[in-house]
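Engineer: Structure incoming, see below.
All of the numbers you see were taken from the coordinates with simple rules; none came from a lab. As the structure is a computational prediction, the values presented were derived from the model and not from experiment. Reconstructed Cβ throughout: ideal geometry from the backbone, glycine too, with neighbour counts over all protein chains shown.
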């Protein structure tokens, strides 16, 4: 599974430009699908199983897109100004590299009056920054306004811990792909949906859920952890199991679904944590508000340094997330 994760996280696919990632996933799982299609927003929708008596139509979502940047202006000296695609933190940008979809590489830097200022920067925004692609003028700049780039960092295997850009949310696409492979049987009609444009508004999950019209929604995503030296006010830790969503800014999980998920994890001996966060949302929030409403939840992979070029997960949490997804979808859904 680590080889699949490496392929997915090192691919480029900012919101709205997920084609390369979609092709990788399609090649990986097409032989396990009963039906496979791509909808008008670019979501990859994979159906598995037919609904038996007592079964449900269950939609699972993991988003393919990652945060990135888009060119807004090129000055006369060839320096590139940019805006964010999704939640880009300026603190993670300085000195970092981006790779444009055409292969061009650039270095991000903040404007300085003199070099000494670099060591005394207190606060800056993306508007204070530029990308240097090695150009000397607007005319020889290899990128144009509207070009898109993702952050450029390789996958690193630290043993139990894995580090890369785009763990958010390629780790979830890997979880869903592996769950599809490991699934032996199910009484449910299952839809594995690899969604687009989550980072800019849960768009792919919302539209695909409208078309699928599921009875139950399960998103797989990451959740930020603060189990670092001065971490406070966050109980989720790396290596302690997948986190079960209770609430975030986009969703309050139906207690019946939370109870079903907890019962399943305990029956299978899968470690788990509870997740309550005051910011951010997941595809579960988009599914939840589709049509007349869909009871939804999220299984989260604890992740350090979210929305940075070096996001870190624990491999045991990833494998346990796969086990939990398989256990949930292999059984009748009992919410009463």
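Engineer: Calculate log10 I(q)/I(0) of the chain for q = 0.13 Å⁻¹, where I(q) comes from the Debye formula with a single equal point scatterer on each Cα and nothing for solvent.
Structural biologist: One equal scatterer on each Cα of the chain leads to -0.93.
Engineer: Inverting the mean 1/r over all pairs of different Cα atoms, compute the Kirkwood radius of segment 142-295 and quote it in Å.
Structural biologist: Result for segment 142-295, one decimal place: 17.5 Å.
Engineer: Follow-up question, since we're still on this one. Based on the Kirkwood radius over alpha-carbon pairs, what is the Stokes-Einstein translational diffusion coefficient of segment 68-151 at 4 °C with 1.567 mPa s viscosity, in µm²/s?
Structural biologist: D, rounded to a whole number, is 100 µm²/s.
Engineer: Continuing with this model, one more query. Can you say what percent of the DSSP beta bridges in the chain, counting only those with both residues inside, are antiparallel? Round to 5.
Structural biologist: If we restrict to bridges inside the chain, about 60 percent are antiparallel.
Engineer: So between residue 132 and residue 213, what do we pick up on full extension, going 0.36 nm a residue minus the alpha carbon distance?
Structural biologist: Length gained, residue 132 through residue 213: 24.5 nm.
Engineer: Applying 1/(1 + (r/R0)^6) with R0 = 45 Å to the Cβ-Cβ distance of residue 161 and residue 139, what FRET efficiency is obtained, to the nearest 0.05?
Structural biologist: Calculated value: 0.50.
Engineer: Quick one: divide the alpha-carbon radius of gyration of segment 1-100 by 2.2 N^0.38 Å and tell me what you get.
Structural biologist: 1.45
Engineer: If you don't mind, there's one more thing I want to ask. Roughly speaking, what is the centre-to-centre gap between segment 193-268 and segment 276-292 when only Cα atoms are used, to the nearest Å?
Structural biologist: Going from one Cα centre to the other spans 9 Å.
Engineer: Neighbouring Cβ atoms within 10 Å as the yardstick, rank 272, 191, 305 fewest first.
Structural biologist: Lowest to highest Cβ neighbour count: 305, 272, 191.
Engineer: What's the angle, to the nearest 10 degrees (0 to 90), between helix 19-29's Cα axis and the longest principal axis of the chain?
Structural biologist: 30
Engineer: Mean residue ellipticity at 222 nm from the helices of the chain, using -39,500 (n - 2.57) per DSSP H segment of n ≥ 4 over the full residue count, to the nearest 500 deg cm²/dmol?
Structural biologist: About -7500 deg cm²/dmol.
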